[in-house]
Amino acid sequence: MNILGFLIGLSVITGFLAEETRVELVQIIFRHGARTPVLTYPKDPYQESHWNKYGGFGQLTPTGMAQHYEYGKFLRNRYAGFLNKTYNRNGAHIISTDYDRTLMSAYSLLASLYEPEGEQVWNKNLAWQPVPVHIGDPKIFLNQETCARYSELTVQTKQSEEYIEISKQYKEIIEIADMNSGFTNIDLFQLWKIADAVIIEKSFNLTLPDWVEKNYNEIRSSQDHGFYFDYYYPEMAKLAAGGILNEVRNNFLNKTKGNSRELYLFSSHDTYVASMTKLLNLTSRINQPPFASSVVLELRKSVTSSKYYVQVYLKNNTDSEPIDFKEVTVYGCEKLCPLDDFMRITDSMIVTDYAKECTRKGVQVSQILNPTFILAVGFAFVVSLVVSVFSIISCRRSYRRSGYREGEL
């Protein structure tokens, strides 16, 4: 019995030692900071002119800048002794989507993460230096809005029992919004886009229209349902975050082969943080990620062997809460996930051929050869062509006004 106890104790100690690791590489996918509304509903009393003091629609606010400046200080302290104190192109690489708010968020974070020291000081009265932020490749930041397969899955989502049931729960507020917002034929997806604008207006203590104020809680809760259904099927999350995940995996492998980089930052949107969270199955339910929220993936190496591990964290604190990393588990693995297992588990989650992945899958060959189907497709094509012409004209007018796509929040 004593021998058995000794062996068990030895096993526990050995397991503990095997899990003692050090950080080798940090990769962070984060949402931009607090912003003005991207768009709003037609009858909203607060149109873009109201937000011009912050630069217009979709712009990072001073609060958003502060959120990421504080985040940079947090990272500087958390990884002190690992990250360089000053910027070096061989140590860090930062990419962003091509939006003002994501670029400005990255710059705000980098301002405190890499304060200039020594020879990098160029103005003794300014503890700041410019740090390069690169526009990310479209193969990394996939656009789900242009993906035919994603659209097909959205249709399937709207036909699901769960979506239909929850839509029934919001039937009354949808009808109210339909009558008062200036939009028509509103569904749950459109309701949460209205919610995005009114939540921000509320945070600025603006007076909301009576129909919004009376139904504010319901409108607000619709936003989380919107994100849940945005990635209802795992494949939908793959079509959004599969490009980033592919890049993350490649960066991990390159590090094990001697790459000197210690930090990769991906400045993006709630859609990417939410879809990555869904893709890796890090939480039981997807809600809208708060401003400046993140998925953090660390590559760690055993201090006693050559084994590599992946440790994942979520940063989802609100602005009123202290910044914190919550340890989470990739589905099918341990919290300290062996790199080989992480690669195996995520192998089917990446997107390397966007055009192929986005091909519609709902039509069978037998249907294509059916004469009735061919006539229907021909008719649909003509109608689609006419609609497209008018849509392009409308979109061009809309883009001139706003300059932003609705899908990226």
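Working note: Karplus 6.51/-1.76/1.60 with θ = phi - 60° gives region 171-187 the couplings 4, 5, 5, 5, 5, 5, 5, 4, 7, 10, 7, x, 8, 10, 6, 6, 10 Hz, where Gly and Pro are set to x.
Between R285 and I323, what length in nm is gained on full extension when 0.36 nm per residue of separation is reduced by their alpha carbon distance? Present the calculation step by step, with values, prior to reporting the outcome.
Values: separation 38, 0.36 × 38 = 13.68 nm, distance 2.15 nm.
Working it through step by step, the gained length comes to 11.5 nm.
For the pair N250 and R360 in one chain, pulling the backbone fully straight at 0.36 nm per residue adds 36.8 nm over the alpha carbon distance.
Determine one quarter of the surface area of the Cα convex hull of region 161-231, which equals its mean projected area, and express it in nm² to one decimal. Could you put the intermediate results ahead of the total?
Working: hull surface 18.4 nm².
For region 161-231, the mean projected area of the Cα convex hull comes to 4.6 nm².
For region 161-231, the relative contact order works out to 35 percent when only alpha carbon pairs closer than 8 Å and six or more residues apart are counted. Couplings 3J(HN,Hα) of region 246-258, computed from phi: 4, 5, 4, 4, 4, 5, 4, 5, 4, 5, 5, 9, x Hz, in residue order, whole Hz [Karplus 6.51 cos²θ - 1.76 cosθ + 1.60, θ = phi - 60°; x for Gly and Pro].
So what's region 85-235 giving for Rg/Rh, alpha carbon basis, Kirkwood Rh from the mean inverse pair distance?
Using only Cα positions, Rg/Rh for region 85-235 is 1.13.
Per-peptide packing, taken as the mean over residues of other Cβ atoms within 10 Å, places 52-59, 28-35, 100-107, 322-329 in the sequence 28-35, 100-107, 52-59, 322-329 from highest down. Across region 44-55, rounded Karplus estimates of 3J(HN,Hα) from the backbone phi angles (6.51 cos²θ - 1.76 cosθ + 1.60, θ = phi - 60°) give 5, x, 10, 7, 4, 4, 5, 9, 4, 5, 9, x Hz, Gly and Pro being marked x. Dividing the C-alpha radius of gyration of region 217-340 by 2.2 N^0.38 Å, with N its residue count, gives 1.13. Label zone (N123, point 7 Å along Cα-to-C-beta; backbone nitrogen cut-off 19 Å) within region 68-101: 69, 87. Backbone amide hydrogens, once placed in the peptide plane, bring K307 within less than 5 Å of S302, excluding anything fewer than 5 places away on its chain.
No value in this document is a laboratory result; all are computed from the given coordinates. Quick caveat, the model's predicted, so the values are computed rather than measured. All Cβ positions, glycine included, derive from the backbone under ideal geometry; neighbour counts span all protein chains shown.
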